[in-house]
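> Before I ask anything, here is the structure I am working with.
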Amino acid sequence: MKKKIFIGLGILAVLLVGFFLYAALVVAKRSPIKTSEFKNGDLEVKVTYCQPYKKGRLIFGEEKDKALQPYGKYWRMGANAATEITFNKPVVFGDKPVPAGTYRMYAIPNADNWQVALNSELGVYFAINEPDYKLDVVRAVVPVQKGPETEQFVINFSNDSTTTNMDLTWDTTIVRVPITAQ
């Protein structure tokens, strides 16, 4: 009897190791992990996310049209793990104050605007499930702009004299979130 239990546990261990190797070696290559960092004066911003590719799919749109990311639905802003953003000092995110720290960042895309939220729940891998919305620190509503087609999701930063801009770009959609040091 003990022999059967040990064999069963051994098979289970092999399957678990195989699953994690598959996730690390195959899935991660399809949507590689990316870190974008930006410094503007004494403000430092760092975002860690996974970059999915378009691959001929409808990215943002109506659920009935089989959009990868339907309007009005939670999106982890990338693939695999939840997107995380870190500020070294307090900021104004969109138009709302946020303390320094690290946050889970997600969005609820719509055709003309996105809600981009910061949430205190961290370390979420395979962030398919929606976050605990009670842990939201802030939600900023930002307009959608049209741009040239982009195959891979990317988060970039730029700045002007007073503001750091975080651009979320994929397909023909650009969403710009202003971030200002407090």
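Every number in this text was worked out from the coordinates using simple rules, so none of it is lab data. Quick caveat, the model's predicted, so the values are computed rather than measured. Reconstructed Cβ throughout: ideal geometry from the backbone, glycine too, with neighbour counts over all protein chains shown.
> I'd like the orientation of helix 2-22 relative to the chain: the angle between its Cα long axis and the longest Cα principal axis, in ° from 0 to 90, rounded to 10.
Rounded to the nearest ten degrees, it is 30.
> Continuing with the same structure: Could you point to the residue in Val144, Ala79, Ala181 farthest towards the positive end of the chain's charge dipole, with +1 and -1 charges on the Cβ of Lys/Arg and Asp/Glu respectively?
Checked the options; the winner is Ala79.
> Please compare each pair in Lys66/Lys89; Lys55/Lys96; Lys34/Lys89 to a cut-off of 31 Å on the Cα-Cα distance and tell me which ones are over it.
Lys66/Lys89; Lys55/Lys96
> Could you pull out every residue, at least 5 positions away or on a different chain, whose amide H is within less than 5 Å of the one on Glu130? Hs are placed 1.01 Å off N in the peptide plane, and Pro or chain starts have none.
The list, which skips near neighbours in sequence, is empty: none.
> Still on this model: Can you give the FRET efficiency to the nearest 0.05 for Glu151 and Lys2, using r as the Cβ-Cβ distance and R₀ = 45 Å? Could the numbers behind the result be given before it?
Numbers: r = 54 Å, r/R0 = 1.21.
Efficiency computed from Cβ-Cβ geometry: 0.25.
> Now a separate question. Considering only DSSP states other than H, G, I, E and B, which GluC sites (Glu not before Pro) in segment 61-118 qualify as loop sites with at most 13 other Cβ atoms within 10 Å? The partial results should precede the final answer.
Values: sites: Glu62, Glu63, Glu84; in loops: Glu62.
Within segment 61-118, the qualifying GluC sites (Glu not before Pro) (loop, at most 13 other Cβ atoms within 10 Å) are Glu62.
> Counting other beta carbons within 10 Å of each Cβ, put Thr86, Thr164 in order, fewest first.
Final ranking by Cβ density, sparse to dense: Thr86, Thr164.
> Between Val47, Pro131, Leu118, whose Cα lies farthest towards the positive end of the dipole of the chain when Lys and Arg beta carbons carry +1 and Asp and Glu beta carbons carry -1, centred on the Cα centre?
Value: Pro131.
> Also, quick follow-up: Going by how many other Cβ atoms sit within 10 Å of their own, how do Arg30, Arg76, Arg139 line up, fewest first? Could the numbers behind the result be given before it?
Values: Arg30 13, Arg76 23, Arg139 18.
The most exposed by this proxy come first: Arg30, Arg139, Arg76.
> Let's see if you can work this out: charge +1 on each Lys and Arg Cβ, -1 on each Asp and Glu Cβ, no other charges. What is the dipole magnitude of the chain about its Cα centre, in debye to the nearest 20? Mind showing how you got there, number by number?
Working: 22 positive and 18 negative charges, 202 e Å.
Its charge dipole is roughly 960 debye.
> Taking R0 as 22 Å, what FRET efficiency do you get between Ile33 and Asn159 from their Cβ-Cβ distance, rounded to the nearest 0.05? Working shown, then result.
Working: r = 25 Å, r/R0 = 1.11.
Efficiency at R0 = 22 Å is approximately 0.35.
> What list do you get for Asp171, Asp132 if you sort them by fewest beta carbons within 10 Å? Mind showing how you got there, number by number?
Details: Asp171 21, Asp132 11.
With the fewest neighbours first, Asp171, Asp132 line up as Asp132, Asp171.
> So if I average 1/r over every pair of distinct C-alpha atoms in the chain and take the inverse, what Kirkwood radius in Å does that give?
It is 17.8 Å.
> Follow-up question, since we're still on this one. Need one number: nm distance between label points at Val92 and Gln182, each 7 Å from Cα along Cα→Cβ, rounded to one decimal.
The answer from the label model is 1.2 nm.
> Determine the shape class of segment 95-159: with a ≥ b ≥ c the square roots of the Cα gyration tensor eigenvalues, call it rounded for a/c under 1.5, and otherwise prolate if a/b is greater than b/c, oblate otherwise. Let's see the in-between values first.
Values: a/c = 1.67, a/b = 1.42, b/c = 1.17.
Prolate is the answer for segment 95-159, as a/c is 1.5 or above and a/b outweighs b/c.
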